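Participant: Encoded as structure tokens, here's the structure I'll be asking about.
All of the numbers you see were taken from the coordinates with simple rules; none came from a lab. Keep in mind it's a predicted model, so treat the numbers as computed, not measured. Every residue, glycine among them, receives a Cβ derived from its backbone with ideal geometry; neighbour counts consider all protein chains shown.
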């Protein structure tokens, strides 16, 4: 019985790890969801690069038909440019009372 329970828990953990976060429209994201993982898609409207001690990070503003949000990406090689369509998976955070997404995965949509 104990082995079946442990096996069931292991299966649930594997499924949770490989299942993508739920997709949301940007305008639907609320402060009640801070620290939750989500997926958004939209068009890159602005890119800001910040360098600190050899570490680069980017703030990428993405917009869909319902709103826009800033996305934080730590990388030295940005794979997108303005007006590219993207899919972003990440965790909702807040900075200076504004919602942001800390990016785990950024995918450029190739049309």
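Participant: Looking at segment 65-91, which of its residues are assigned to a strand (DSSP E or B), in contact with a helix residue (DSSP H, G or I) (Cβ under 7 Å, 6 or more places away or on another chain) and surrounded by fewer than 17 Cβ atoms within 10 Å (Cβ to Cβ)?
Facilitator: Within segment 65-91, the subset assigned to a strand (DSSP E or B) is 67-74, 85-91.
Next, only the ones that are in contact with a helix residue (DSSP H, G or I) (Cβ under 7 Å, 6 or more places away or on another chain) stay: 67-69.
67, 68, listed by residue number.
Participant: Now a separate question. Out of all the residues in segment 62-98, which are more than 12 Å from the chain's Cα centre (by Cα) and within 12 Å of residue 26 (Cβ to Cβ)?
Facilitator: 63, 64, 65, 66, 67, 68 - these are the residues of segment 62-98 that are more than 12 Å from the chain's Cα centre (by Cα) and within 12 Å of residue 26 (Cβ to Cβ).
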